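J.: My questions will all concern the structure given below.
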Amino acid sequence: MADRFTLKKLSTSRFFDSTLLITIALLVIFGLVVLYSVSSYDGSVSFNDSAYYFKKQAVNTVFGLGVMFAVSLVPYHFWERTSGLAYIFAMALLFLIIPFGFEANGAKRWIRFMGTSIQPAEIAKLAIIICLAHLVCRLGNAITTWKGIFIALGASMPMVIAIYGITRNLSSAIIVFGIALIMCFVVSPDYKKFILMGVFLIAVCALAVYVVVQNKDSALGYRGERILAWLDPNAYASGKGFQTLQALYAIGSGGIFGKGIGQSMQKLGFLPEAQNDMIFSIICEELGFFGAICVILLFLLLLWRCLIITYNAPDLYGALLIVGFMAHIAIQVILNIAVVTNTIPNTGISLPFISYGGSSVVSLLFEVGLVFSVQRGITVRDA
Amino acid sequence: MKKKLVVLFAIVLLLFVCLIYRLYSITRDNGAQYKKQVLAQQKYDSVTIPFRRGSILDTNGNILATSEKVYTVILDSVALNADEEAIEPTFAALRSEFGIDTAKVRDYFEQNKESSRYYILSKKLPYEKIQNFIALQNEEGSLIKGIWFEEEYQRLYPGNSLACDVIGFTTGDDVGSYGLEEYYNDVLSGTPGREYGFMNEEGTLERTTISAEDGNSIVTTIDANLQAMVEKYLKKFNDEYANNFHSGNGANNLGCIIMNVNTGEVLAMASYPNFNLNDTRNKESLIGMQLLDDKGDKVVDEENGNRVYITEDNVNTIEGDALYQNYNALWKNFCISDAYEPGSVSKPLTVASAIECGAIKGNESYNCQGMLEVGGHEIKCHNTYGDGILTVAEGIERSCNVCMMYVAQAEGINNFTKFQHIFNMGLKTNIDLAGEARTASLVYTAENMRSSELATCSFGQGYNCTMIQMIAAFSSLINGGYYYEPHLVKKVINSSGATVENIEPRLLKQTISRDTSDMIISMCNQVVTGEHGTGKTARPAGYIIGGKTGTAETLPRKNNEYVVSFMGYAPVDDPQIAIYVVVDRPNVRYQDDAKYATRIVRNILTEALPYLGIFMTEELSDKERTELEELKIEITTPAKSEDGSDTEGDAEGTDGAGDENSVTEEQTPPANSEIWKTFAIDPETGYAVDPNTGAYIDPDTGATIGGTFSDEGEEPTSGNETVTEITYDENGSPSQQ
């Protein structure tokens, strides 16, 4: 079965996955087009410039593509040596938020550096991939044991705690932990331990929901309002359920083929954060169910190409870098769509390459650069 | 590891499929409903954008009334609640910037944070008060949420009570009530704008804004400085005589009009009691007025039959319809809304009409024996002892009733009523103010006038007119016979200041010839300057004016109640302005003394004539000089001649200007049959006492104090106290009574 995924076609020693590049290019360009459509109203209302968000995102994307190209030229083993430094750097940025961070939309998650704002949580996601790939390689067979797993996961915990503790950004913390968990899962041949962990996590979540529902009218209920709003968004239509409900209206009103690009009504001030976490619902409204499936297929294609490259990766370290990237993409896409469809409680997760956010697109393209770098190391067997 | 990768990919694929199914089920199950939902929450509602009501300016462009943009502070509890971190900073900013009691607001917020989107925190704040808050709100990373502002306009009257009766005011919905605000409501009002949404052909929502069109402003002929002088001296009179003989104001009504006789432009128009235009429903303004009941009738004390006046004690008991009756009495403009018997001020009209129709030449003499028997009635003169033989001019100077009755008899009923019509008596002047009284039923026609009524009408008793009618008619007597329509607005300008319309003086008719006019002027000059002139006390220091006094007995007769008045003009050689002051029932024991009006005229003209740039022609006595210096009035009198003969030269002037005492002192020995001049003077009142009847006699004119012209108190058929008044009900809509 493994052979099915082995690259055989090309006879040249250098391999280049043009499908991956095209997929990335499609996602980035599609992302910019959709972002312009969604954000033009808010831009013209808030900044008197309908292209305000588009321009900022375009600049960041071009910068990110430059970073991607540069990183793809650097042999990926270079990052193995810098992993400790990357970890410290990411942690330092997170702690810099405490004295230097500034607020936007009521949350303190950004720091300003040389005129641009940076979201350290996005850098942390990149750092955890680089570090854990190195750590797991060093652990070797020990990763099969509980101890090994706990060491690997434990290494990610300071970052998880720092993200949640400093920025109150639960979703980024979950993503960082998720990346670590998936990297462990892929390396370890064992299932039992992960099934146990999965069951345990689901049980904890179920318990939390149960407790909140039981204490609906108490202070606990107030804090768990997002969970209550998830269960019955209509009951909280003017409060915590408002955004979710507006996202559902957008999805539902799009129909099969949507209202056409640029024709969304929900983006006209009704759906909060339309250009950020809720962008997928506007895609559904403008391009319909069909457009939504196309976007999902693009992400699947991206993951599929990554899978192929991982299969052919020259070494474990390279493979783990790509697994980290896949985990990052998969978690964010799944959670994002789950949130806008009210499948899980509302939490702020952006859609990779499409949502507005400079730090996010640059670190994602950095990771794509790593994937290309690993891919460059693939030697193709003779046909 | 490779196997695990496949498992991972399979899991991801599975999750994607689940999500796609979820998307599909939303579209399938709720698609139609959500589509409606999205359309339903679009804003189709139209929002009205308020217009700015035009300003009212005085002749020099000073603002009498204007509209200022004010802001209402609204709390959107739902929006504030959406961001918990914003709650405290928002309340803190509300407290520090607007001084709002946040404890109350917080209670409201806690109870309604899920539902309330519109809660008024504060009203009518000017921009200066909200600009700090807006700056705070717009700061980057500002945590002030859920507060927004609604714009509206508020009517402001910078002069408060200045020209209140002329300007009028607006009710809450920017509709004018009374005065210029009502008359020019359509000009001052603009067109409100609208903001609304609609679905275009492609089914997308569009929002359109039609901006509001601001109202035009009006430039009046009122001179705010002159108006202030007039109001100052009306107030002074009131302060002097309030609660004097009985409780209440210094007079039932005080009115004053200053008019440009050559254009009909009203330069000042005021009445007292007045009220604050910025606070029209302040009950304190009512204090001192006669109490009216809910039908508008005067309330009479059941025990002693006296009229009841509004005091601090009973003001708060007035409620409902009665309150509005009293407010209407306060808000109405006495100068145009109240009709009264003008009295002797109308004598020049009688003489002018008689000369004009050729009945007399103006040089005739008549013998006054104190009364004349007309149509079976003995109609008395003020001076029941008789003035002796008087020329027509002397009849005007001394205000002799008998003389006027002879003149009117010579003229006849037809000519008299014809000229009343020519002088616009019984007709509206059509002044551009709301609420002018109709007096058609209050004058006689040739058909219903009898000889006795002709006799009383000749000296202004028996018919009614309004102040504006009288001054407009009188102006035509002294300007060469030109009757101008009195008016208050000379220009309409739009919101950007461009002229929309110029309103020129409207010459309506020629009432009398220039020759007649000149004769009337010389006669009326004697009223102030003549030896026996009744209006000497009206002459301001440094000037010679002309005019005519009026003392009219009100109905019912023999009640010792009078309306005293003075009509003056200046300069005497070429009259430019006319001034008319009416004191309706002064709050004194003996009301029939025109000096209550002449002194007000003198006070006003002392300041007003120099202000109007009319130069002084007369030399000043030391007393007058001190008086002017105290008032800080620039003395423009010609330089005093150095030789000693100057005292002789201005003797006449000082005589006329002197107060009661000086007149008494300088009594000339009885010339003709001035028998009353031999009577002893009562030291307490300053009046002469008739040894036969014990009646008080004015030592100057021989007029009996509290006297009546009527022999039996018979009331003329048309003269009754009910005049047409426009009143306003609670909603501000006019109704005729």
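The values are calculated or read from the model by the stated rules, or taken from the named source; none is laboratory data. The shown structure was predicted, so the numbers you read here are calculated from the model rather than taken from an experiment. Every residue, glycine as well, gets a Cβ built from its backbone with ideal geometry; the counts of neighbours run over all protein chains shown.
J.: Quick test for you: out of B:Ala410, B:Ala393, pick the one residue that is in a helix (DSSP H, G or I), over 31 Å from the mean Cα position of the chain (by Cα), surrounded by fewer than 20 Cβ atoms within 10 Å (Cβ to Cβ) and of a type in the set (Gly, Ala, Ser).
T.: B:Ala410
J.: Name the one entry in B:Arg585, B:Arg589 that is among the basic types (Lys, Arg), touching a residue at least 24 places away in the same chain (Cβ under 8 Å) and loosely packed, with under 14 Cβ neighbours inside 10 Å.
T.: Residue meeting the stated conditions: B:Arg589.
J.: Can I ask one more? Please go through the stretch B:137-176 and pick out each residue that is acidic (Asp, Glu) and out of contact with any Gly (no Cβ under 7 Å at 6 or more places or on another chain).
T.: B:Glu139, B:Glu140, B:Glu150, B:Glu151, B:Glu152, B:Asp173, B:Asp174
J.: Can you name the residue in the stretch B:27-71 that is part of a strand (DSSP E or B) and of a type in the set (A, V, I, L, M) and is also farthest from the other protein chains (Cβ to nearest Cβ) among such residues?
T.: That would be B:Leu64.
J.: Follow-up. In the stretch B:376-390, which residue that is within 41 Å of the chain's Cα centre (by Cα) and at pLDDT 85 or above is surrounded by the fewest Cβ atoms within 10 Å (Cβ to Cβ)?
T.: Per the stated criteria, the residue is B:Glu378.
J.: Scanning for something surrounded by fewer than 16 Cβ atoms within 10 Å (Cβ to Cβ) and either facing chain A (nearest Cβ under 8 Å) or over 27 Å from A:Ala107 (Cα atoms) (or both), does the stretch B:86-95 turn up at least one residue?
T.: No, there is no match, as no residue in the stretch B:86-95 is surrounded by fewer than 16 Cβ atoms within 10 Å (Cβ to Cβ) and either facing chain A (nearest Cβ under 8 Å) or over 27 Å from A:Ala107 (Cα atoms) (or both).
J.: Please go through (1) crowded, with 18+ Cβ neighbours inside 10 Å; (2) in a loop (DSSP other than H, G, I, E, B); (3) not basic (Lys, Arg) for B:Leu23 and return the number of the only condition it doesn't satisfy.
T.: Against the list (1) crowded, with 18+ Cβ neighbours inside 10 Å; (2) in a loop (DSSP other than H, G, I, E, B); (3) not basic (Lys, Arg), B:Leu23 comes up short only on (2).
J.: Please tell me if A:Ala124 is in contact (Cβ under 8 Å) with a residue 12 or more places away in the chain, crowded, with 19+ Cβ neighbours inside 10 Å, of a type outside the set (S, T, N, Q) and under 23 Å from A:Ile166 (Cβ atoms).
T.: yes
J.: Within the group A:Ile182, A:Ile174, A:Ile166, which residue is within 21 Å of B:Met1 (Cβ to Cβ) and either away from chain B (no Cβ under 14 Å) or within 23 Å of the chain's Cα centre (by Cα) (or both)?
T.: A:Ile182
J.: Related question: Any residue in the stretch B:25-34 that is more than 30 Å from A:Ser264 (Cβ to Cβ), at pLDDT 85 or above, out of contact with any helix residue (DSSP H, G or I) (no Cβ under 6 Å at 6 or more places or on another chain) and not aromatic (Phe, Trp, Tyr)?
T.: Looking through the stretch B:25-34, none of the residues is more than 30 Å from A:Ser264 (Cβ to Cβ), at pLDDT 85 or above, out of contact with any helix residue (DSSP H, G or I) (no Cβ under 6 Å at 6 or more places or on another chain) and not aromatic (Phe, Trp, Tyr).
J.: Shifting gears a bit: All but one of (1) within 17 Å of A:Ala319 (Cα to Cα); (2) surrounded by fewer than 22 Cβ atoms within 10 Å (Cβ to Cβ); (3) of a type in the set (Gly, Ala, Ser) hold for A:Ala133, so report the exception by its number.
T.: (2)
J.: Do the conditions hold for A:Ile378, that is, is it in contact (Cβ under 8 Å) with a residue 40 or more places away in the chain and either touching a Gly at 6+ places or on another chain (Cβ under 7 Å) or surrounded by 24 or more Cβ atoms within 10 Å (Cβ to Cβ) (or both)?
T.: The answer is no for A:Ile378.
J.: Now for a different question. Limited to the stretch B:72-83, what total is found for residues that are crowded, with 19+ Cβ neighbours inside 10 Å and within 11 Å of chain A (Cβ to nearest Cβ)?
T.: Looking only at that region, the number is 3.
J.: Tell me, please, whether a residue that is within 14 Å of chain A (Cβ to nearest Cβ), out of contact with any His (no Cβ under 8 Å at 6 or more places or on another chain) and of a type in the set (Gly, Ala, Ser) can be found in the stretch B:8-18.
T.: Yes: the stretch B:8-18 contains one or more residues that are within 14 Å of chain A (Cβ to nearest Cβ), out of contact with any His (no Cβ under 8 Å at 6 or more places or on another chain) and of a type in the set (Gly, Ala, Ser).
J.: Hey, another quick one. Mind telling me which of the residues A:Ala313, A:Ala319, A:Ala338, A:Ala327 ends up being of a type in the set (Gly, Ala, Ser) and closer than 18 Å to A:Ala86 by Cβ?
T.: It is A:Ala327.
J.: B:Lys3 passes all but one of (1) more than 7 Å from chain A (Cβ to nearest Cβ); (2) among the charged types (D, E, K, R); (3) under 29 Å from A:Leu245 (Cβ atoms); which number fails?
T.: Just one mismatch for B:Lys3, condition (3).
J.: Can you name the helices (runs of 4 or more DSSP H) wholly within the stretch B:258-358 that have at least 2 residues being under 30 Å from B:Glu411 (Cβ atoms), touching a Ser or Thr at 6+ places or on another chain (Cβ under 6 Å) and at pLDDT 90 or above?
T.: Once the helices (runs of 4 or more DSSP H) in the stretch B:258-358 are filtered for at least 2 residues that are under 30 Å from B:Glu411 (Cβ atoms), touching a Ser or Thr at 6+ places or on another chain (Cβ under 6 Å) and at pLDDT 90 or above, what remains is B:334-337, B:347-356.
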